[in-house]
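Written below as structure tokens is the structure these notes are about.
Coordinate-derived values only; no laboratory data. The shown structure was predicted, so the numbers you read here are calculated from the model rather than taken from an experiment. All Cβ positions, even for glycine, are placed from backbone atoms using ideal geometry, and neighbour counts span all protein chains on display.
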Amino acid sequence: MDLNIIWMLLIGYLIGSIPSGVWIGKIFYHKDIRDYGSGNMGTTNTFRVLGKKAGAVVLVMDMFKGSLAALLPLAFHSNANALLIAISAIIGHAFPLFANFKGGKAVATSVGALLIYNWEFFLLAWAIFLLTLYLTSMVSVASMLGFTLITLCSLFYQDWILTTVALVLTIFVYARHWGNIERIRQGKENMTPFGLGYRRRQKKEGKK
């Protein structure tokens, strides 16, 4: 294997390992978000525990990790596939060295990598996610269904690397959301305070 590829994968993993939510919580709010909410260090739990401002910052940071890793081939003057290199950051986010290998669900980092790899598909992915989030009011459903639809849409791009990575990430995202799936089945999944799903639940609870 090319030594540069090894370096890029290592650097990508270390970038992905930066626990944005944990650091923001501890430095600015004196809280470890892993002790609250879902116990996850990702964007959704940051929004829930620390608020919109912190959540937005962590979202950008987590996306940037994927984007930065995808730019490594350019920095190393390598023709390595940017998306394949960015997988190291996605793995780092999910299993971070700097947070005892207990990380987030890698959705934002994956999308950040997609921004560099194919910005048009990045916009499509965001459109699918936001529409699904509005309809369901559940980040978990939007993430899982979003990745599923993104994988299907990738077939039209005739890019086997994109399709393969999207499929693998879809399976991974479903696995990381296993607890959410059970709560969805029980009707106990957390909802965002907006969207059609949230309104339906409010009306249902109001009738009881």
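What FRET efficiency comes out for Trp7 versus Leu131 if R0 is 35 angstrom and r is the Cβ-Cβ distance? Round to the nearest 0.05.
0.35
Pick out which of Ile27, Ile87, Ile184 has the largest mean-square fluctuation in a Gaussian network model of the chain, springs linking Cα atoms closer than 10 Å.
In the Gaussian network model the winner is Ile27.
Just one of [x] 126, 35, 32; [y] 68, 49, 35; [z] 64, 44, 26 is Cα extents along the principal axes in Å as worked out from the coordinates here. Which one is it?
Matching entry in [x] 126, 35, 32; [y] 68, 49, 35; [z] 64, 44, 26: [z].
Which whole-number percent gives the relative contact order of the stretch 1-116, counting Cα pairs below 8 Å spaced six or more residues apart?
RCO, the stretch 1-116: 35 percent.
Mean separation of Cα pairs under 8 Å and 6+ residues apart, divided by the residue count of the chain: what relative contact order is that in percent?
Working: 312 pairs, mean separation 38.7, N = 208.
Contact order relative to length: 19 percent.
Which of these, Gly42, Gly25, Gly112, has the largest mean-square fluctuation under a Gaussian network model of the chain (Cα springs below 10 Å)?
Its mean-square fluctuation being the largest, the pick is Gly25.
Hey, fewest Cβ within 10 Å first, where do Val139, Val165 land in order?
Values: Val139 26, Val165 23.
Ascending Cβ contact count within 10 Å gives the list Val165, Val139.
Once fully extended, how much extra length lies between His30 and Ile161, figured as 0.36 nm per residue of separation less the alpha-carbon to alpha-carbon distance?
Gain on extension, His30 to Ile161, equals 43.0 nm.
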